[in-house]
1. For the chain, with a Gaussian network of springs between Cα atoms less than 10 Å apart, report the residue from GLN11, GLN61, GLN30 with the top mean-square fluctuation.
2. Pop out the carbon and sulfur fraction of the accessible area of the chain as a percent, whole number, probe 1.4 Å.
3. For the chain, take the longest principal axis of its alpha carbons; what is the angle in degrees between that and the long axis of helix 2-25, to the nearest 10 within 0 to 90?
4. Which is the longest stretch in the chain that no exposed loop site breaks, taking sites as trypsin sites (Lys or Arg not before Pro) with a DSSP loop state and at most 13 other Cβ atoms within 10 Å?
5. Over the chain, how many pairs of lysines fall under 25 Å by alpha carbon, counting only those 8 or more apart in sequence or from different chains?
6. Protein chains only, probe 1.4 Å: how do PHE21, PHE68 rank by accessible area, largest first?
7. Counting GluC sites (Glu not before Pro) as exposed when in a DSSP loop with at most 11 other beta carbons within 10 Å, what is the longest stretch of the chain free of them?
8. Whole-Å semi-axes of the chain's equivalent ellipsoid, largest first, each the root of 5 times a Cα gyration tensor eigenvalue?
Amino acid sequence: MSDLTEKLAKQQEDSLNISKFMARISKYTQVSELTVEMVNELIDKIVIHKPTGTKRNRIIQIDIYYNFIGKLNNEKASQAD
């Protein structure tokens with residue numbers, strides 16, 4: 001019973017956090033340029049990992065942690081020239 005109560009509380013908290021994030025991001029539906037204010041309001045932190053590979057095959061992993069919802073899972077990696 002306590003496990004179910006904890007799971008329910010976690011789901012309710014996640015739902016509230018998503019609602020808060022959606023309220024903030026809804027202001028930026030027609031963005032032409034990223035501003036400092038937008039970054040400060042929407043992003044908690046950005047983590048840039050050490051590059052792997054060499055020269056043209058170098059890959060840099062960048063993790064973006066958003067306010068209220070954390071890191072979104074995205075399997076694509078950025079390649080640096």
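1. GLN30
2. The nonpolar share, carbon plus sulfur, comes to 52 percent.
3. 60
4. Working: sites that count: ARG58, LYS76.
No qualifying site falls inside 1-57, the longest such stretch.
5. 14
6. Details: PHE21 20, PHE68 75 Å².
Ranked from most to least accessible, the order is PHE68, PHE21.
7. Working: sites that count: GLU33, GLU75.
With GluC sites (Glu not before Pro) excluded where exposed in loops, the chain gives 34-74 as its longest stretch.
8. Values: eigenvalues 193, 86, 16 Å².
Working from the Cα gyration tensor, I get semi-axes of 31, 21, 9 Å.
The values are calculated or read from the model by the stated rules, or taken from the named source; none is laboratory data. A quick note: this is a predicted structure, and the numbers were derived from the prediction, not measured. So basically every Cβ, Gly included, is an ideal-geometry build from the backbone, and we count neighbours across all protein chains shown. These area figures cover heavy atoms from the full protein model, side chains too; ligands, DNA and RNA do not enter into them. Shrake-Rupley method; radii C 1.70, N 1.55, O 1.52, S 1.80 Å.
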